[in-house]
Amino acid sequence: MRTNIMYFKEKGQVKSVLLFYLFTLLPLLAACSGGSDAGGSATGGNEYLNVSNVDIPGGNTTATLNISASQNCDWTITWSESWIRSIMPSKGRGTQNATITVMANPSSTESRTTIIKVSNASGTIVRDVTITQSPNETLTDFRLSTTELSANAPAGTVQFNIIGDAQWTIASNKNWATPNTMSGAGNASISVALADNTSEEAREATITVSSNSKSETVTIRQGAATKPTVSSLNANYDGRTSAVVSFSYNSMFPVTEYGVCYNTTGQPTVSDTHQSETGNATQGAPTVSLTGLSYSTTYYVRAYARSAVGITYSESTSFTTANNWPGGDDNVTPGI
């Protein structure tokens, strides 16, 4: 019976020891835990982290992020949206305010939203915080540096400036006049690429710049194209059955074909016999050989040049080939 009493006594001592250690460890086991609900409290433990969503007026570039946290809670802020320039501080401990610096909203009609994350050091508490920036109502006015631009027929660019703080869009009414951008905000330099005008008539395009409050236009006038000029025609007949023809040409657009045409009736064209060459220059002074001519024949000769605008002929010249009779320089008695 004594032995049994001692057994229960020892068993009671063991139980007392276990209860002592259990109550000692309970505060240590009460570690922080939490979810990703924005602005909430930790779901358990003595570490907590609360963050409120932030609304930023569209014209403002700074806002305050209120962070409420326990003194032993280390936290970090992360974000990915490029229009959030900085959040200072991005790391801290306990309750603090952080300053969010953002770019001005480029839209005067639409708000924009992003999510930043505030997390404790162990990652057991993650707060998704919504940052909303309102439309920028200050973006309302602009003006243009000019309302008229002019250019020559060959392809090139013209420029004008948008001056002001408005959000704007650009539209062109002609596909041969293409702005380098179609939308933006604030001051900007706009380049308009112009395609070749290969017509012999001038043309116009209208570029319209619009904001939410008004529209302004720029009229672009592109000059007419001209055909090549062909001059200095000279035909050197060699007294037999060939001749060498020289001329020069000058053109607004590259000459893709040039040559000499000839016939026996006058005012020859490329529909008649002709000698041609290909090219890609705006000027030149070529020579062309005519061979296989007939004796005792009058030939009319014209030079020509062709570009994207069209074909141009020179003035006409003529020469008459010799007859086939023996001449003074011929040996009339071959073999003697």
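The values are calculated or read from the model by the stated rules, or taken from the named source; none is laboratory data. Quick caveat: nothing in here was measured; it's all calculated off a predicted structure. Please note: Cβ atoms are built from the backbone with ideal geometry, for glycine as well, and neighbour counts cover all protein chains shown.
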Breaking point among (1) in contact with a Lys or Arg (Cβ under 8 Å, 6 or more places away or on another chain); (2) within 21 Å of PRO106 (Cα to Cα); (3) not hydroxyl-bearing (Ser, Thr, Tyr), for VAL209: (1)
Of all the residues that make up region 272-288, how many are in contact (Cβ under 8 Å) with a residue 24 or more places away in the chain and in contact with an Asp or Glu (Cβ under 8 Å, 6 or more places away or on another chain)? 3
Hey, any hits in region 241-248 for a residue that's at pLDDT below 95 and either in contact with a helix residue (DSSP H, G or I) (Cβ under 8 Å, 6 or more places away or on another chain) or part of a loop (DSSP other than H, G, I, E, B) (or both)? yes
Only one of SER68, SER122, SER86 is under 29 Å from the mean Cα position of the chain (by Cα), of a type in the set (Gly, Ala, Ser) and more than 19 Å from ALA185 (Cα to Cα). Can you tell me which? SER86
Looking at the structure I just gave you, is THR226 part of a loop (DSSP other than H, G, I, E, B), of a type in the set (Val, Ile, Thr) and loosely packed, with under 14 Cβ neighbours inside 10 Å? no
Which numbered condition in (1) under 47 Å from the mean Cα position of the chain (by Cα); (2) assigned to a strand (DSSP E or B) is the only one that ASN234 fails? (1)
Could you tell me whether region 202-210 includes any residue that is assigned to a loop (DSSP other than H, G, I, E, B) and under 21 Å from GLY156 (Cβ atoms)? yes
Assess whether TYR262 counts as being touching a Leu at 6+ places or on another chain (Cβ under 7 Å), surrounded by 14 or more Cβ atoms within 10 Å (Cβ to Cβ), part of a strand (DSSP E or B) and at pLDDT 95 or above. yes
